Amino acid sequence: MHIETYEWLLYLHGDLDPGRAAEFEAHLAACDECLAAYVKIAAGEDILPEQAAAIRAPRTATRAVLHRLRWAGLTAALVLFFILVSVTPPGRTAWASFILSLEKFGNALSDTFQVSEENNGTIETVNQTAVAANGIEIKIDQVFVESDQIYFSMFIASDLIAEENSYLYLENDSLTLNGEETSLGYAWYGPRRGGIVPAETQENEIPVQGMFRIGYPKQDYSQEKNLAVHMTIQSLYHVGLRAGKYIEGPWEFDFVVDGTQLERQTHTIPLNVSFEEKGRLYALTELRTSPVRTRLTVERVNPTLFSEWVNQESGETERYYSSSTNLQGFVIADDQGNEAEISLLEYDQPFTSEVKVRYFLFSERDDNPYEWLKDADSLSVTPYVSSLDFVDTGVEGIKKNLALESFRIDLTNGENHNEK
Amino acid sequence: MNREKILHTLQADTVDEPIEEQIGAYANYLKKIIFGILKDPTDSEEAYLEITQKIMLAASSRRGENFKAWIARIAINHCIDRKKRSREDAICVPLENLEHERPDSADPLAASILSPRELLLAKESLAELQEIIAGLPEIYQAVIRLYYGSGLSMKEIAQELELNPRTVETRIFRARKMISEQWRNHAH
């Protein structure tokens, strides 16, 4: 985790409990990225403007999704949808038109992950009608199952999101897979947070907000041909210009998906490579590539202690470790001149009680190396880290950061070695 | 700041400018960084003198890092050490003495060396931020207020609210994301 910029303002104003402030200070003493953010708030100065901006606005998966979907196919699809809606009564009938337009223009997950034609079918489109409650309609759009994650996209149609800076949060939602309760991860916005409204609005037009949702199954369902999914959204929370309010559902969804589709085309290679950045030790433990995306799993072996507490009741010491990292990602390359960036950090867990902090870094949405990586025998890997010694060279992407020493990994026998 | 200025800043110490003058050029910058952590004018003034000495002593061992980032790192680490030491010393101070250390009415922003305009902007930002926090759904407000305002651990917050610790972690994560997003929107 990095301390959020707004949290430094709370810190400066003395709005934090002294214990929490001490935690932030412990983090500040060890983290160059937060030092840049603190200096910006405390002294109003960018130590290194371009680098600081890059630090505080990492190209996370969420951001990439928003960028990818903002104006492209879906906007066009929705314009058509609104035209169709304008001649039909609002409500369930409108969704029929909407679904038709989606078929023509593509779906949220396969668009987002740029799944090519030949690999179609790895992401499943859910064939279920929208569910309406309290004037809000929700439609589950697509789903894909990985061994440890399940992704959903959905669309929410409501007049409530017509105004700018107005959006709906999912509240009290739950997911059951084959009858087993499954924890849900974070949700984020799809096409456009405040709803998509065409330039010339018509009467009866219903703004639509896209949402993505991740489930973390307790067991691996990627071998399950008929995976029964039950999702319940108990309520939504509307935030707009006026005070927020809850809208009660429920919106319930039942459908079956083929969990094996993506797994059949996934290659997983365990790795055992370590590298160091100024005393910070990392281990690369897995490479996984599929038509949807490529993932490198990295563990920070010696994370910074974020806070330490003695539990008054048990007398035991609880320790939390900061997940802060200067690591920005990797460039991987084969011997044929193919190259890709693996730099999207999906989930930024603030801190953890685990002594090893684990990061998942993903390929760019429009640059999944699957096609060449699945046949590669060995790879050259270069880690990139942010650094206060940064000098702007005008290079774009992950390579504008500081490169650590490259190493080579052997993908054929699972034995990997440093070439230092 | 434009590109030329940044490059000039980066290269400032490579010209024949004595280190004292280089530090002097960043006096206000350093003082704001220092005050932000120590929040006491007298302490900050003392720390500033100590830090400038430290910078001068360390100047010869510097290896081409960005000067502004380098002095900020020295200043911040010095202040954090100093504060940590004073916290450790304070363990021996009777509670009644501590209560006078910082009156409730003390406003760290007002006591800082910010210009009137900077002070106004900081206060506006803070008011906006508090408004955003107040606008969060109740379930997030409860955890985030305890997280920032109490010295409780995750497990203790979970016990206090009768929630699963994992739920508390998730709510804090989501609340921070919501505040951060909304604050960024306000700022732009």
task: Report whether or not residue B:138 is over 30 Å from residue A:44 (Cα atoms), buried (at least 19 other Cβ atoms within 10 Å of the Cβ) and either within 21 Å of the chain's Cα centre (by Cα) or outside the structural domain of residue B:35 (by TED's automatic domain parsing) (or both).
output: no
- line: (1) within 10 Å of chain A (Cβ to nearest Cβ); (2) within 20 Å of the chain's Cα centre (by Cα); (3) surrounded by fewer than 20 Cβ atoms within 10 Å (Cβ to Cβ) all hold for residue B:127 apart from (1)
- prompt: Can you find a residue in segment B:104-111 that is closer than 30 Å to residue B:27 by Cα, at the interface with another protein chain (Cβ under 8 Å from one of its Cβ atoms), modelled with pLDDT under 70 and not in a loop (DSSP other than H, G, I, E, B)?
  reply: yes
Hits in segment A:304-349 (condition: more than 30 Å from residue B:155 (Cα to Cα) and among the polar types (S, T, N, Q)): A:328, A:336, A:338, A:343
- request: Return the only residue of A:295, A:300 being among the charged types (D, E, K, R) and over 19 Å from the mean Cα position of the chain (by Cα).
  value: A:300
- request: Select from segment A:310-337 the residues that are touching a strand residue (DSSP E or B) at 6+ places or on another chain (Cβ under 8 Å) and hydroxyl-bearing (Ser, Thr, Tyr) and list them in ascending order.
  value: A:317, A:320, A:321, A:322, A:323, A:325
message: Take the residues in segment B:166-188 that are more than 9 Å from chain A (Cβ to nearest Cβ) and free of Cβ contacts under 8 Å to residues at least 24 places away in the same chain; name whichever of them is surrounded by the fewest Cβ atoms within 10 Å (Cβ to Cβ).
response: B:188
message: Which numbered condition in (1) touching a helix residue (DSSP H, G or I) at 6+ places or on another chain (Cβ under 8 Å); (2) modelled with pLDDT under 85; (3) more than 9 Å from chain A (Cβ to nearest Cβ) is the only one that residue B:155 fails?
response: (3)
Close pairs from segment A:143-171: first within 14 Å of another protein chain (Cβ to nearest Cβ) and at pLDDT 80 or above, partner in a loop (DSSP other than H, G, I, E, B) and buried (at least 21 other Cβ atoms within 10 Å of the Cβ), Cβ under 8 Å, at least 6 apart: A:168/A:158
message: Filter segment A:23-36 down to the residues that are more than 7 Å from chain B (Cβ to nearest Cβ) and either charged (D, E, K, R) or under 17 Å from residue B:148 (Cβ atoms) (or both) and list them by number.
response: A:23, A:24, A:26, A:27, A:32, A:33, A:34
task: Would you mind listing the strands (runs of 3 or more DSSP E) fully within segment A:226-294 where at least 1 residues are touching a helix residue (DSSP H, G or I) at 6+ places or on another chain (Cβ under 7 Å) and more than 30 Å from residue A:121 (Cβ to Cβ)?
output: A:227-239
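Residues are listed down the side, and each one gets a yes or a no for (1) among the hydrophobic types (A, V, I, L, M, F, W, C); (2) part of a helix (DSSP H, G or I); (3) at pLDDT 75 or above; (4) more than 21 Å from residue A:21 (Cβ to Cβ):
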| site | (1), (2), (3), (4) |
| --- | --- |
| B:5 | no, yes, no, yes |
| B:12 | yes, yes, no, yes |
| B:33 | yes, yes, yes, no |
| B:48 | no, yes, yes, no |
| B:69 | yes, yes, yes, yes |
| B:81 | no, yes, yes, no |
| B:87 | no, yes, no, no |
| B:97 | no, yes, no, no |
- request: Among the residues of segment B:44-72, write down those that are buried (at least 19 other Cβ atoms within 10 Å of the Cβ) and out of contact with any His (no Cβ under 9 Å at 6 or more places or on another chain).
  value: B:44, B:48, B:52, B:55, B:66, B:67, B:68, B:69, B:70, B:71, B:72
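The values are calculated or read from the model by the stated rules, or taken from the named source; none is laboratory data. Since the model is a prediction, treat every value here as computed from it, not as a measurement. Neighbour counts are summed over all protein chains in view; Cβ atoms, including those assigned to glycine, are modelled from backbone coordinates with ideal geometry.
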